[in-house]
Amino acid sequence: MMLVIAALLIWAVGWGLNIWLANGVYSKSGLTQIAVPVIFGGTIIAMWELLVRGLEVPGVILPPPSAIASAFASSLPILWGDFVQTIVKGALSGFAIGLAAALGTAVLVDRYDFLKRGLLPVGNFMAALPIVGIAPIFVMWFGFGWQSKAAVVVAMVFFPILVNAVAGLQDTTAMQRDLMRTFGARYWNTLFKLRLPAALPFIFNGLKIAITLSLVGAIVAEFFGSPTQGLGFRISTSVGQLALDMVWSAILVAALAGSLLYGVLVLIERRLTFWHPSQRG
Amino acid sequence: MRRLVPVLTVVLAIFAIWYVACVPMNVREVLTQAERAGAEIVPAAAAERRDAGALGLVLRNTAHLGASWSMERAKLPAPHQVAVELWDSTVGEEVYGRRGIVRSGTLSNRSLIYHGGVTLSATLFGFLIGTAAGVLLAIGIVQSRTMEMSVMPWAIVSQTIPIIALAPMIIVVLYSLGLDRFLPEGIAGLLPKAVISAYLSFFPVLVGMVKGLRSPDQMQLDLMQTYNASRGEVMRKLRLPASVPYLFASLKVGIAASLVGAIVGELPVQRGGLGARMLAGTYYGQTTQIWAALIAAALLAALLVFAMGWIERRTLRSMGVQA
């Protein structure tokens, strides 16, 4: 009972602190912008810990954060193996192949108007479909290894990148293209020097959608069959053993990997599209 | 007309590639079957065939490939096989089948209509929960600066996380809580899947709704102030109507995400649904069954997004927006 009261107290203190910070004189400063969400997250975790202990919630329903942290720390080698299997081998290799295929197709689609009118509606339609459903078929074709996961990822990331890249390639004005023509630039010169750079902000929008999809694809595909390694395998087997602290550790790895990859994408975007108004702020 | 011809060409090309791909994909099983029927296969030994490439086998045995498009458990079933399976497991099962709705009065548990219905109910239930939660939280975020600064960064970070990884755990935990003791039968079975659906549609709705509620510009807000409108009135009469176009854009994303959530949520519990159907097909090597379930899921997704678009057009028109 004491713990429950302590949890409510912590909530009141944390929320009060945030109200004070957010409406105070320093609310516009960068430090406050970071401090408020951090305090909020910390309060939630503290409440989770205290409530789970105070109400004696069984560990097979919701383990406390401390148990998750200790499971995470004690099984680092296993989780690292899972990370390499699912994220590096499955998601990232599929992401790279899908990116190359989608960009190649986008250039083709952009060049031939017939393809643009034919392939784009189909692509838009496919982008809305539950493509994860293809996972059982690909696992059957390419085996239980990382290859089948990469194939699912390719299928999932292809259409979002394609649709965005085609939209981006059309984002030059007639004036800019005319300027390139006065320089005597051929199709490929214009493509590499003007239109691809101009398409980059759009392409990065597609990539940001695709990077999360690639993790989803790699993890869900492992639910249909995998070697004895990988985040999806770890989650589904640990759920079967009711080892929920391990499940949460695997989810933590997936969450960290997702945020990390997204952050890397944002950094690359900032380097490559420094000229775009949204980056100059 | 300008678009119809190219789209049809692309669709036909996809089918053509599919038919051609059936040959190398199924060549090993086809040749084994032909050999059992007494045909001469090159190379004759099964061990040699196992190591040979699929294309080489196709080129050297062109005379025996007739069965490529009619294999029982093909690695890649031909489109017409999938179409036949789709027909059999919908109309065939319900209208002519012993357990179909025509003879027994209830939907057959082997038909895709039944399984699609299970998935659809979980999707819609979850979508409603997720949308309601997203809209409410968005209103809270716009009304309270503290809430915005605390919650919004986490909402954005959570978009980068493969939330679907939580699915198996949510299912098992919700089942182990024994909800069926408190809730009516139908809802208790639906709830775990719906929670995942809700979770997936929640964030797109939240982000879109916050954007929409913020869309009125300073001039409009000032006008409301000259009318001496309270915060609640500004919300009701300006912000909420202004957010509708944004809301619908996210609802279309959300409903597709909800369907994916429901399908993935059906994987761990084999109690019906398109996801369960796919997994069962994987276990028993029934590839046409997987493909039929996949096509059914695609049709369902297209139907849902289309329905959402229809509601969007109707609503916006009745609100007087030029769409």
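The values are calculated or read from the model by the stated rules, or taken from the named source; none is laboratory data. If you're wondering where the values come from, they're calculated on a predicted model, not measured in any experiment. Note that we place each Cβ from the backbone using ideal geometry, even for glycine, and neighbour counts take in every protein chain shown.
Observations on the model:
- Taking the criterion of being facing another protein chain (nearest Cβ under 9 Å) and either small (Gly, Ala, Ser) or within 24 Å of residue B:169 (Cα to Cα) (or both), the residues of segment A:204-213 that qualify are A:211, A:212, A:213.
- Filter result (more than 7 Å from chain A (Cβ to nearest Cβ), in a helix (DSSP H, G or I) and within 16 Å of residue B:119 (Cα to Cα)) within segment B:248-278: B:254, B:255, B:257, B:258, B:261, B:262, B:265, B:274, B:275, B:276, B:277
- The set of residues in segment B:281-298 that are surrounded by fewer than 21 Cβ atoms within 10 Å (Cβ to Cβ) and either more than 10 Å from chain A (Cβ to nearest Cβ) or not in a helix (DSSP H, G or I) (or both) comprises B:284, B:285, B:286.
- Of the residues making up segment A:112-133, those that are crowded, with 21+ Cβ neighbours inside 10 Å and facing chain B (nearest Cβ under 7 Å) are A:118, A:119, A:129, A:130, A:132, A:133.
- Scan of segment A:229-266 for residues that are of a type in the set (Gly, Ala, Ser), in contact with a helix residue (DSSP H, G or I) (Cβ under 9 Å, 6 or more places away or on another chain) and at negative phi, ordered by number: A:232, A:236, A:238, A:240, A:243, A:249, A:250, A:254, A:255, A:257, A:258, A:259
- A count restricted to segment A:137-151 and to residues that are of a type outside the set (Phe, Trp, Tyr) and surrounded by fewer than 18 Cβ atoms within 10 Å (Cβ to Cβ) stands at 3.
- Some residue of segment B:188-201 being closer than 30 Å to residue B:85 by Cβ and of a type in the set (D, E, K, R): yes
- Segment B:58-77 residues that are closer than 14 Å to residue B:21 by Cα, paired with ones that are assigned to a loop (DSSP other than H, G, I, E, B) (beta carbon under 6 Å, 6 or more apart): B:69/B:78
- Filter pass, residue A:13 being at pLDDT below 85 and either under 32 Å from the mean Cα position of the chain (by Cα) or assigned to a helix (DSSP H, G or I) (or both): no
- Residues within segment B:185-243 that are part of a helix (DSSP H, G or I) and closer than 27 Å to residue B:161 by Cα, tallied: 26
- Residue that is nearest to residue A:3 (Cα to Cα) [pool: residues in segment A:48-61 that are surrounded by fewer than 17 Cβ atoms within 10 Å (Cβ to Cβ) and within 14 Å of chain B (Cβ to nearest Cβ)]: A:55
- In segment A:31-42, the residues that are assigned to a helix (DSSP H, G or I) form Cβ pairs under 9 Å with partners that are loosely packed, with under 15 Cβ neighbours inside 10 Å, at six or more places apart or across chains, as follows: A:32/A:24; A:32/A:26; A:37/B:154; A:40/B:154; A:41/B:154.
- The criterion of being part of a helix (DSSP H, G or I), within 14 Å of chain B (Cβ to nearest Cβ) and buried (at least 19 other Cβ atoms within 10 Å of the Cβ) does not hold for residue A:199.
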